Amino acid sequence: MLTRDAFDQQREAVNQVNRREGRRLALLSVLLGVGQLVFLRWTEQVLPGPLHRAVAAGLFVGYMAMVGVLLWRLRRHLRLAAPACPQCHAPLQGTSARIAAATGHCDRCGAQVIGVRPE
């Protein structure tokens, strides 16, 4: 069970990871996309039609794979940074984290996530 302060610190850590990795994802996606367009413009002038289309298709698939890896990495880092339920070990992200913050309980199994401070 977490204290309210520990839970809030973990939620802030999730927000920091989201900002950092989100910026990285956006920057690399844009840079790779622009680089791909510039390269394709060059190959359009240098390579014959069928070869240019094959290079363009391969480059697009590679670009989508890179973006997919970056998205997977973002989700993985968010899941690792998120607080987890002590009972079912489910990561408390998004709506689950908001429900746990409001009620103190896991929305999946109902276990208490945030301990009550003794008065």
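Just so it is clear, none of the values below were taken in a lab; they were calculated from the coordinates. This is a predicted model, so every value here is computed, not measured. All Cβ positions, even for glycine, are placed from backbone atoms using ideal geometry, and neighbour counts span all protein chains on display.
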*Given only helices, namely DSSP H runs of n ≥ 4 each adding -39500 (n - 2.57), what is the per-residue ellipticity at 222 nm of the chain, to the nearest 500 deg cm²/dmol?*
-25500 deg cm²/dmol
*Arrange the following residues from fewest to most other Cβ atoms within 10 Å of their Cβ: SER29, SER96.*
SER29, SER96
_Under 11 Å, Cβ to Cβ, from PRO91 - net charge with Lys/Arg +1 and Asp/Glu -1_ = +4
*asked:* Please arrange ARG11, ARG24 by how many other C-beta atoms lie within 10 Å of their C-beta, fewest to most.
replied: ARG24, ARG11
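Would you mind getting the Kirkwood hydrodynamic radius of the range 47-94 from its Cα pairs, rounded to one decimal in Å?
About 13.5 Å for the range 47-94.
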*Between the range 66-106 and the range 1-40, how many Å separate their Cα centres?*
14
*Compute the distribution of all C-alpha to C-alpha distances in the range 8-83, in bins of 5 Å from 0, and list the percent of pairs in each, rounded to whole numbers.*
3, 16, 19, 16, 12, 10, 8, 7, 5, 3, 2, 0
_Percentage relative contact order, the chain, counting C-alpha pairs under 8 Å, at least six apart_ = 35
